[in-house]
Structures are given as structure tokens and as C-alpha cells.
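S.K.: First the structure, then my questions, so here it is.
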Amino acid sequence: MIVCSCAHISDRDIHQAIDWMRDADPYTLITPGKIYRALGKTPECGACIRLFVDKMRSNDKLGVPAELRDLRRRARLATVPE
Ligand code: FES
């Protein structure tokens, strides 16, 4: 299924890019922009962003690694004097 008609990106392309990025770096934060860059494409109109993100979210490898979750809260707790 074509997700982005401007750049001719399919849902399969999105999943392959996510899998590749996660395998290459388990700590990377994956964004739509990174997927476009990984595929060598550029968004034009932006009309596809909701569907694009929905397809990203359906990939099990999209999640933020546990080590990177709650960084702001952990940093705040680390600076609070006891
Ligand atoms: S449809 Fe994706 S940028 Fe236009």
C-alpha cells in the first residue's frame, strides 16, 4: 500500500526502514524524517503524515528503548538535593 504518494513510499518501505534502523542502532529514536532520509526521499505536501505515523506505530520495533524512557524525570530527580 502506498502511504506517501509524493515520495512513492509504501508501508513495506516504512517497516523495512524501521527494522534496518533498529538493527543498526538499538538506541536510536526513529522519526518520520529519519525514515525519509533512510529511504533517500523527501516529503513534499505533508498530507500523508497521519497515515505515515500510523504505519510507523504498527511496527513493534518503533518503541523507545527502555534506557531512554523517562530521561527528563530521572534528570530532575538526580538534581534535587536530598
Ligand atoms: S503524500 Fe507524503 S509528502 Fe505528500
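Readers should treat all values here as calculations from the given coordinates under stated rules, not as data from a laboratory. Note that the structure is predicted; figures quoted are calculated from it, not measured. Backbone-built Cβ (ideal geometry, glycine too); neighbour counts: all protein chains shown.
S.K.: Rounded, prolate or oblate: which fits the chain, taking a ≥ b ≥ c as square roots of the Cα gyration tensor eigenvalues, rounded meaning a/c under 1.5, else prolate when a/b beats b/c?
M.R.: The shape class here is prolate.
S.K.: For the chain, which cysteines have no disulfide-compatible partner, meaning no other cysteine Cβ under 4.7 Å?
M.R.: For the chain, the answer is Cys6, Cys45, because their Cβ atoms have no other cysteine Cβ under 4.7 Å.
S.K.: Another question about this same structure. Can you tell me the order of 70-77, 27-34 when each peptide is scored by its average per-residue count of other Cβ atoms within 10 angstrom, highest first?
M.R.: Packing proxy ranking, top to bottom: 27-34, 70-77.
S.K.: For n ≥ 4 DSSP H runs only, could you compute -39500 (n - 2.57) per run for the chain, divide by its residues and tell me the 222 nm figure to the nearest 500?
M.R.: It lands at -14000 deg cm²/dmol.
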